[in-house]
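The values are calculated or read from the model by the stated rules, or taken from the named source; none is laboratory data. What you see is a predicted model; the values in this text were computed from it and never measured. Note that each Cβ is placed from the backbone with ideal geometry, even for glycine, and that neighbours are counted across all protein chains shown. The accessibility values were calculated without ligands, DNA or RNA, using every heavy atom of the protein model including side chains. Shrake-Rupley method; radii C 1.70, N 1.55, O 1.52, S 1.80 Å.
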Amino acid sequence: MLLCFIDGEFVKPEDAKLPLSDLIIQRGVGVFEALATHNLKPLMLTPHMTRFVNSAKSSGIANIPDVEYMKKAVREGIARIGHDVRIRTFLTGGDAFDEAEGCFPAPRFFIIFDEAGRAKPEDYENGITLAPVPVGRDDPSVKSVDYRMTFQMPAGATEILYCPNGEITEGGHSTFFLVLNDGTIVTAPLDRVLKGTTRSAIIEIARQEGFNVVERCPLWSELAGASEAFITGSIKMVVPVVKIGGIIIGDGKPGKTTQKLSELYRKHIEKWLE
């Protein structure tokens, strides 16, 4: 960690503290967002903060700080550090639950700024392996702090892939896309997955380029016959997937569709900077 913002102040990481009474510690009540910067500008800050607020509301967190206040803190932290960083914003459950109102009335807001962490260069060049798990997330619409499942990976895998009941929904930290042999790009619909900010951008770019993008859950049975797969995320951007469990995707190398969409996203990234 490079810098923290908590209790309305910027402090050194070693000086940032939460009381043990906070329900993010005692019961895992809390939501977060993770975003990156590019040329010292936050990427998709407004969509991230909108999703952040919606996650908090869906979790029963009340008295959420003003969005412009949170955006200002994000921008000031970037300026204080002076180079590109990864940013994580958090809202906790606070110290109590109001049973009469059915909410957490006194959340704590804090931000962690740390080094920008992209995927490894070889991951973009050679592709990655995903580890399937036969379950889905409890509430896909909420970016909760509960990421325990994402640590349950075998050696050699980069990320888990949620695959409930023969369907594929999303990665542990990302949106999943499957490219069928006819060029159709398939990704799960928003009622089944988190509304990924990079997901939206990639779908927009793909449709502008004439690709047929279908929003439905890819099927496990489609993997063996697919030509490509990739994941997207705010930090990692677009990363090719060449193996899922024991299944090789396509020819086992990053595909042309993945490469094209990645190049177009990077080329037009200024469009999503704020």
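Quick check on segment 149-194: of everything there that is more than 10 Å from ILE231 (Cβ to Cβ) and aromatic (Phe, Trp, Tyr), which residue is surrounded by the most Cβ atoms within 10 Å (Cβ to Cβ)? Looking at residues that are more than 10 Å from ILE231 (Cβ to Cβ) and aromatic (Phe, Trp, Tyr), I get TYR162. PHE90 falls short on exactly one of the conditions (1) part of a loop (DSSP other than H, G, I, E, B); (2) crowded, with 16+ Cβ neighbours inside 10 Å; (3) within 22 Å of the chain's Cα centre (by Cα), and that condition is (1).
Looking across segment 195-224 at every residue that is without any contact (Cβ under 8 Å) to a residue 24 or more places away in the chain and not in a helix (DSSP H, G or I), the one that is surrounded by the most Cβ atoms within 10 Å (Cβ to Cβ) is identified as ALA224.
Kindly establish whether THR129 is at pLDDT below 95, outside any loop (DSSP other than H, G, I, E, B) and open to solvent by less than 50 Å² (accessible area, probe 1.4 Å). No, not satisfied. Determine whether SER59 is under 18 Å from the mean Cα position of the chain (by Cα), open to solvent by 20 Å² or more (accessible area, probe 1.4 Å) and more than 17 Å from SER234 (Cα to Cα). Taking the combined requirement at face value, the residue satisfies it. When ALA119 is tested against (1) farther than 17 Å from MET237 by Cβ; (2) part of a loop (DSSP other than H, G, I, E, B), exactly one condition is not met: (1). Considering only residues in segment 242-274 that are within 15 Å of ALA157 (Cβ to Cβ) and either in contact (Cβ under 8 Å) with a residue 24 or more places away in the chain or under 21 Å from the mean Cα position of the chain (by Cα) (or both), the one that is most open to solvent (accessible area, probe 1.4 Å) turns out to be LYS243. Filtered by the rule that a residue be closer than 24 Å to PRO47 by Cβ and assigned to a loop (DSSP other than H, G, I, E, B), segment 225-267 gives SER234, ILE235, LYS236.
The single condition among (1) among the aliphatic types (A, V, I, L, M); (2) crowded, with 20+ Cβ neighbours inside 10 Å; (3) under 19 Å from GLY117 (Cα atoms) that LEU40 does not meet is (2).
Which of the residues that make up segment 225-241 are crowded, with 19+ Cβ neighbours inside 10 Å and under 17 Å from LYS120 (Cα atoms)? Please lay out each step first, then the result.
Step one: of segment 225-241, the residues crowded, with 19+ Cβ neighbours inside 10 Å are 226, 228-234, 236-241.
PHE230, ILE231, THR232, GLY233, SER234, LYS236, MET237, VAL238, VAL239, PRO240, VAL241, listed by residue number.
Here PRO105 meets the list (1) open to solvent by 20 Å² or more (accessible area, probe 1.4 Å); (2) under 21 Å from LYS271 (Cβ atoms) almost entirely, failing just condition (2). Quick check: is even one residue across segment 117-134 touching a residue at least 12 places away in the same chain (Cβ under 8 Å), under 28 Å from ASP66 (Cα atoms) and among the aromatic types (Phe, Trp, Tyr)? No, every residue in segment 117-134 fails to be touching a residue at least 12 places away in the same chain (Cβ under 8 Å), under 28 Å from ASP66 (Cα atoms) and among the aromatic types (Phe, Trp, Tyr).
Any residue that is among the basic types (Lys, Arg), under 23 Å from ALA188 (Cβ atoms) and out of contact with any strand residue (DSSP E or B) (no Cβ under 6 Å at 6 or more places or on another chain) - is there at least one of those in segment 58-81? Steps first, please.
Within segment 58-81, the subset among the basic types (Lys, Arg) is 71-72, 75, 80.
Checking the rest, the ones that are also under 23 Å from ALA188 (Cβ atoms) come to none.
The answer is no; no qualifying residue exists.
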